[in-house]
Amino acid sequence: MMQPPIILLKEGTDTSQGTPQIISNVNACQAIADAVRTTLGPRGMDKLIVETGGKATISNDGATILKTLDIVHPAAKTLVDIAKSQDAEVGDGTTSVVLLAGEFLKEAKPYIEEHVHPQIIIRAFRKAGCLMVQKIKEISVKIKKDDPNELRVLLENCAATSLSSKLVAAQKDFFSKMVVDAVMILDELLPLNMIGIKKVQGGALEDSMLVDGVAFKKTFSYAGFEMQSKKYSNPKIALLNIELELKAEKENAEVRVNTVQEYQSIVDAEWTILYDKLDTLYKSGAKVVLSKLPIGDVATQYFADRDMFCAGRVPDEDLRRTMKACGGSIQTTVQGLSAGSLGTADLFEEVQVGGERYNVFKGCPQAKTCTIILRGGAEQFMEETERSLHDAIMIVRRAMKNDAVVAGGGAIEMELSRYLRDLSQTIAGKEQLLITALGKALEVIPRQLCDNAGFDATNILNKLRQKHAEGGTWFGVNIMTEDICDNFQAFVWEPSVVKINAITAAIESTCLILSVDETIRNPRAEGGGGPPGAGRGRGRGRPM
């Protein structure tokens, strides 16, 4: 007698399991790696992604590309996640981490097909991952932080290496100095949100500037604004979260008056409330008044007559940065305004940048904050420049905290590849093959750098293998001369933490994908159907 199959899951549920499932997941991840493969390195191509609303994004950053693509395959999403985590943790190396994970899976695929148990592969990969991280820590070069000039050179080189693969590679010297200046201004904690990046269309990229302090776009202003002075030395700054204008009555409010005098007294009271507020601000000694809410025409005129500057509708983040920089606190009432709640700066002025006017506070005593004002032609280009600078800023922050660097351009990967190959000879059993495979997978980075630049990858990799076997630790691809060179001498430097993070994340995600051997899809849950039992079923008086 044949036994009928036992059905545990709802009909329509899709299950696939075993080796074919792992292979299918590996193939999906390779498709993801192929999507960003060509963006790696200084000669990498950019991707133009058009979203549903017609918004176009041009990017070279692995994490941005993968975030913008709407990926539905559950296993492939893990690669998107490691790219995001690399972006959040280190800021750069997002394409590398996806490529490494894709290549590790590709090398593991033939073993899975030959029915090597996934757990054996995972164990070997984990072991090799720990050994690689140890090796990076051993060979990375420590920089003396005591010497400010040496530290500055290190940071500029790291920033330039990060920027060399972006759209702004031609101006990398200009921007790497700017980024290092910006990060040097910050305090010990190096908070990212203290570096504001503003974009102004028009002008050339080299017109971008770094403001040591806070700068934000001039807000909407009323009549009387032009009479206000646009420059103050050592002003006191009041930061408010109040409307300084006459309030319109609520729609359903009803005030019954019998005589004109009564009506007049109500109107007078409204004006008195407003003038009391303005008077309090004037007496507090504040010269610059910033508010998150609108400042009306009466208030603007009042301040102009008393040689004060005001700006309403200031964006929240700008107001907070001003508070952190200039001291003081954001007030929700003008009552009890004390000198302690007012901020101060060495200089406040309004300057023209391109077609926009900017309010700039310089020489802020409290915090270390700065604003980068980017110039450029197309909007997409400026957005990509902002993303590139974000990566460079993250790298410089990391390099300041961790002072060890390694050479980029495929040098560290080739050295690790040689190390794993040599090491695998000393290990018996299946692990030997797997660690060799992992060593081979690491060569994807230099190979892809060559492919993207149109070089003969086989030729250059052979040269690199030979150099590394002879002990040339830092030899990597030289994009400029279509040859190999000592990338440490050529100042292609990266913080070692970038590589450690990339390898750890790639190994983790590879092991995760290899350890999944079954996917169960519940169609009801995916369709976001109604509550359980809401579908048609037998009983409930409905026919099937």
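Residue 43 fulfils the conditions (1) over 22 Å from residue 408 (Cβ atoms); (2) surrounded by 17 or more Cβ atoms within 10 Å (Cβ to Cβ) except for a single criterion, (1). In segment 117-143, of all residues being charged (D, E, K, R) and either farther than 30 Å from residue 389 by Cα or more than 28 Å from the chain's Cα centre (by Cα) (or both), the one that is surrounded by the fewest Cβ atoms within 10 Å (Cβ to Cβ) corresponds to 138.
Across segment 511-522, the number of residues qualifying as modelled with pLDDT of 90 or more and either assigned to a strand (DSSP E or B) or in contact with a Cys (Cβ under 8 Å, 6 or more places away or on another chain) (or both) comes to 1.
Just for segment 373-394: of the residues that are surrounded by fewer than 19 Cβ atoms within 10 Å (Cβ to Cβ) and among the acidic types (Asp, Glu), which one is nearest to residue 356 (Cα to Cα)? Here the answer is 379.
Within segment 474-495, if we keep just the residues that are in contact (Cβ under 8 Å) with a residue 12 or more places away in the chain and aliphatic (A, V, I, L, M), the residue that is farthest from residue 398 (Cα to Cα) turns out to be 484.
Whether any residue in segment 100-114 is open to solvent by 10 Å² or more (accessible area, probe 1.4 Å), under 28 Å from the mean Cα position of the chain (by Cα) and under 19 Å from residue 495 (Cβ atoms) is what I want to check. No.
For the list (1) crowded, with 18+ Cβ neighbours inside 10 Å; (2) in contact (Cβ under 8 Å) with a residue 40 or more places away in the chain; (3) acidic (Asp, Glu), I need the number of the one condition that residue 156 fails. The number of the failed condition is (2). Within segment 40-74, the residues that satisfy the criterion of being under 19 Å from the mean Cα position of the chain (by Cα), part of a loop (DSSP other than H, G, I, E, B) and free of Cβ contacts under 8 Å to residues at least 60 places away in the same chain are 69, 70.
Taken over segment 315-331, the criterion of being closer than 17 Å to residue 218 by Cβ and hydrophobic (A, V, I, L, M, F, W, C) is satisfied by 319 alone. Taking segment 1-26 as the range and being open to solvent by less than 70 Å² (accessible area, probe 1.4 Å) and at pLDDT 70 or above as the test, the residues that pass are 16, 18, 19, 21, 22, 23, 24, 25, 26.
Counting only residues that are open to solvent by 80 Å² or more (accessible area, probe 1.4 Å) and either farther than 14 Å from residue 334 by Cα or among the aromatic types (Phe, Trp, Tyr) (or both), segment 249-285 holds 15 of them.
Per-residue answers, yes or no, for (1) under 12 Å from residue 239 (Cβ atoms); (2) surrounded by fewer than 18 Cβ atoms within 10 Å (Cβ to Cβ); (3) in contact (Cβ under 8 Å) with a residue 40 or more places away in the chain:
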| site | (1), (2), (3) |
| --- | --- |
| 329 | yes, yes, yes |
| 337 | yes, no, yes |
| 340 | no, yes, no |
| 350 | no, yes, yes |
| 357 | no, yes, yes |
| 360 | no, no, yes |
| 365 | no, yes, no |
| 371 | no, no, yes |
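Residue check: is residue 411 under 29 Å from the mean Cα position of the chain (by Cα) and not charged (D, E, K, R)? So residue 411 passes the test.
Among all residues of segment 426-445, there is none that is under 22 Å from residue 105 (Cα atoms), over 29 Å from the mean Cα position of the chain (by Cα), hydroxyl-bearing (Ser, Thr, Tyr) and open to solvent by less than 10 Å² (accessible area, probe 1.4 Å).
Let's see how each residue does on (1) open to solvent by 30 Å² or more (accessible area, probe 1.4 Å); (2) part of a helix (DSSP H, G or I); (3) free of Cβ contacts under 8 Å to residues at least 40 places away in the same chain:
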{"position": "472", "(1), (2), (3)": "no, no, yes"}
{"position": "497", "(1), (2), (3)": "yes, yes, no"}
{"position": "504", "(1), (2), (3)": "yes, yes, no"}
{"position": "509", "(1), (2), (3)": "no, yes, no"}
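Note on segment 286-295: among residues that are touching a helix residue (DSSP H, G or I) at 6+ places or on another chain (Cβ under 8 Å) and over 13 Å from residue 334 (Cβ atoms), the one that is least open to solvent (accessible area, probe 1.4 Å) is 290. Is one or more of the residues making up segment 330-342 in contact with a Cys (Cβ under 8 Å, 6 or more places away or on another chain), assigned to a loop (DSSP other than H, G, I, E, B) and not polar (S, T, N, Q)? No, segment 330-342 contains no residue that is in contact with a Cys (Cβ under 8 Å, 6 or more places away or on another chain), assigned to a loop (DSSP other than H, G, I, E, B) and not polar (S, T, N, Q).
The values are calculated or read from the model by the stated rules, or taken from the named source; none is laboratory data. In this text, all values refer to a predicted model and were calculated from it rather than measured experimentally. Virtual Cβ from ideal backbone geometry, glycine too; neighbours counted across all protein chains shown. Heavy atoms of the whole protein, side chains included, go into the accessibility calculation; ligands, DNA and RNA do not. Shrake-Rupley method; radii C 1.70, N 1.55, O 1.52, S 1.80 Å.
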